[in-house]
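Working notes for the structure below.
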Amino acid sequence: MMDNNSTKVKSSDLELKDRMVALNRVTKVTKGGRTFTFAAIVVVGNENGVVGHGLGKSKEVQEAIAKGVDDAKKNLVKIPLRNGTIPHVQEGRFAGAHVLLKPAAAGTGVIAGGSMRAVLESAGITDVLAKSKGSSNPQNVVKATIIALASLRDASAVAKQRGIELDKVFNG
């Protein structure tokens with residue numbers, strides 16, 4: 001689903017901050033009674049163009065979050081930023097979740113809801129207009145947002161792909 005343009009990043013050399021997007025309590029009814037487990041959706045990022053997501057499950061809340069952070073560190077992608085916003089309009093889809101991201105002028109802020117906001121702020125985006133359409137399932141919305149961010153291209157990548165000079169991308 002991700003483009004060849006997205007770059008995988010190693011987590012060892014980055015200072016990552018984690019945010020919990022959602023915590024779900026799951027109940028399994030057995031002969032001996034109810035068993036509770038927790039599923040945590042976590043987003044990590046260095047707030048400078050690197051972001052990742054993960055899912056952790058455990059019988060303890062803290063352990064589920066820790067597992068989610070470890071999983072998120074394995075799924076990091078680098079995204080192009082331009083003056084605190086994204087370079088162009090981009091859509092992302094995962095399962096029933098559809099997201100639309102639009103660049104915004106400086107000072108606009110992050111206009112996004114719930115789980116999209118956590119992903120965008122962790123990536124270091126300060127000005128963006130975002131809309132979530134379709135499913136509101138936090139896990140699918142996070143994945144759709146990451147897919148949209150990973151498929152963003154900066155001007156130098158577009159110039160290289162088209163085989164033209166960088167200034168002709170804007171003028172041509």
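The values are calculated or read from the model by the stated rules, or taken from the named source; none is laboratory data. Fair warning: this is a prediction, and the values are worked out from it, not measured in the lab. All Cβ positions, even for glycine, are placed from backbone atoms using ideal geometry, and neighbour counts span all protein chains on display.
Out of region 119-172, which residues are of a type in the set (Gly, Ala, Ser) and farther than 16 Å from His88 by Cβ?
Ser122, Gly124, Ser132, Gly134, Ser135, Ser136, Ala144, Gly163
Return the residues of region 118-172 that are touching a residue at least 12 places away in the same chain (Cβ under 8 Å) and among the charged types (D, E, K, R); say none if nothing qualifies.
Glu121, Asp127, Lys131, Lys133, Lys143, Arg153, Asp154
Quick check: anything in region 76-98 at pLDDT 95 or above, in the same structural domain as Ser156 (by TED's automatic domain parsing) and acidic (Asp, Glu)?
Yes.
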